[in-house]
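FYI, it's all coordinate maths here, none of it is from the lab. Predicted, not measured: the structure shown is a model, and the values here were computed from it. All Cβ positions, even for glycine, are placed from backbone atoms using ideal geometry, and neighbour counts span all protein chains on display.
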Amino acid sequence: MNKFLAFFICFFICLPAWTCLAATSGATISIYLDADMTGANASGVSIERGIRTALSQVDNKLAGYSVEIRILDHRGNSARSLANLKTFLADPYAFVLFTGLHSPPLLAHRQFINENKILTLDPWAAAGPITRPPDDNNWIFRLSIDDSKAGGVIVRRAVDERGFISPALLLENTGWGKSNQKTMTANLSDRGIEPARIVWFDWGLTETSARIMLRNIKASGADVIFLVANAPEGKNVCRAMCELPPSERLPIVSHWGITGGDFPEVITAYIRDKIDLEFIQTSFSFLNMGDAPFPNTVFQRAASLFQDVKTPKDIKASTGFIHAYDLTRLLIAAVKQAGMSKNMLENRTRVRAALENLKKPVQGLIKIYERPFKPYSISDKDAHEALGTDDFTFGRYGENNEVILIRQ
């Protein structure tokens, strides 16, 4: 009996060390994706596929670890996302967490992420404060559009390039919408312009309510609408716009949240032909890759992994794929530079430091990244942003629901 007791005491005392050791002796480490796989499924699937494609190019291994991707569906709900973060922390093999389209879960739990040292990679969510905590403890890195800049880019496109002079802002009533309201109004003010109207809506906006909002916006004298919406509400706004008399329809210059779901399947080419709609994007598309070797190699890899991908048009919500692919390439480079120890928290710490100090350029789809991140401080608020305004452009949907970039 004493021998058995001694065995169990020894077993449980040594368990943490055994767990750490197992992580360096052929164990599988976990990369998590916490995203909306229900309401914005296309964006979540696209992000997942971008991660898988990049990892497949290194044999699904990081510093000798086999990698398993674990999908957590927060359904756009911040409380559920917090539970998912706790699931990550409970996994002794959890290494890094990718996020999805929605900003509110990240805004709600930014402090929790940073306090618990969850290495977090954001390939879509755009709200400016996500990567800008009020102190230097920052564990969130973004390779995506950044709303501290996107509002200005939307204003530049609508006012400077297209000549509109009286925009109305139609914004979802979340932290994401509010951050855009701040940057858009500031950039309009720099041009001596006040918004004709600012209208807020909640998730679940109906087509009937959208129609009333659009008529009120038209009555305000607006000549264009800046839309900040995700696909569910964006669909109802565009359906409502299509059903208005042609004389009451206004052009829409939109954030890209509308592209994260089944928007182009519902807002068909027939409907899109009746409205003037364009949306912000980043500056790479598989449709424009021509004969360039690197993106063609990436596409062929994706086509070999996913049976429904046969042409570039088959990559749905391609923003998610492109950003997640590039971000995973940066992660791979950081792991190679930092190496891996026996302790997963130490690994996250070392790779975070490597991401902030990448020594070699990394080829991505959007561009070649030369030290895309730096150590964060409140005096360098762009330190965890991999992209800048030179990487942003606009797109429209084509006849086959593909995103076609607008080249200025």
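Site pair GLN307 and ASP262 shows an inter-label distance of 2.1 nm when each label is modelled 7 Å from Cα along Cα→Cβ. Axis angle, to the nearest 10 degrees, between helix 207-219 and the longest C-alpha principal axis of the chain: 50 degrees.
The slack between GLU194 and ALA79, meaning 0.36 nm per residue of separation minus the straight C-alpha distance, is 37.8 nm.
Phi angles of the range 175-183 translate, via the Karplus equation with coefficients 6.51, -1.76, 1.60 and θ = phi - 60°, into HN-Hα couplings of x, 5, x, 5, 5, 6, 4, 5, 6 Hz per residue; Gly and Pro are given as x. Stretching the chain fully between SER166 and SER56 yields a gain of 34.7 nm (0.36 nm per residue, less the alpha carbon separation). Helix 231-243 and the longest principal axis of the Cα set of the chain meet at an angle near 10°.
Can you give the FRET efficiency for LYS86 and ALA186, using 1/(1 + (r/R0)^6), R0 = 41 Å, r = Cβ-Cβ distance, to the nearest 0.05? Walk me through the numbers on the way to the answer.
On the way: r = 37 Å, r/R0 = 0.90.
Efficiency computed from Cβ-Cβ geometry: 0.65.
Approximating the spin labels as points 7 Å out from Cα along Cα→Cβ, the ALA63-to-ASP276 distance works out to 5.4 nm. Using alpha-carbon pairs under 8 Å, 6+ residues apart, how would you state the relative contact order of the chain in percent? Once divided by the residue count of the chain, the mean separation gives 19 percent. The lysine pair count for the range 319-408, using Cα distances under 22 Å and pairs eight or more places apart or on different chains, is 9.
In the chain, the longest principal axis of the Cα atoms and the axis of helix 104-115 are about 30 degrees apart.
Explain nothing, just the number: relative contact order of the range 231-382, from Cα pairs under 8 Å at least 6 residues apart, as a whole percent. Dividing the mean separation by the residue count of the range 231-382 yields 16 percent. At q = 0.13 Å⁻¹ the log10 of I(q)/I(0) for the chain amounts to -1.08, computed by Debye summation with a single uniform scatterer per C-alpha, solvent ignored.
Would you tally the net charge around ARG211, using a Cβ to Cβ cut-off of less than 12 Å, leaving ARG211 out, and scoring K and R as +1, D and E as -1?
On the way: positive: ARG215, LYS218, ARG239, ARG249; negative: GLU207, GLU243, GLU248.
It works out to a net charge of +1.
If you stretched the chain out fully between ALA269 and LYS117, how much longer would it get, using 0.36 nm times the residue separation minus the C-alpha to C-alpha distance?
On the way: separation 152, 0.36 × 152 = 54.72 nm, distance 4.52 nm.
Contour length minus the Cα-Cα distance gives 50.2 nm.
Kindly identify the range 184-294 as rounded, prolate or oblate by the Cα gyration tensor criterion: order the square roots of the eigenvalues as a ≥ b ≥ c, call it rounded if a/c is under 1.5, otherwise compare a/b with b/c, prolate if a/b is larger, else oblate. Oblate is the answer for the range 184-294, as a/c is 1.5 or above yet b/c matches or exceeds a/b.
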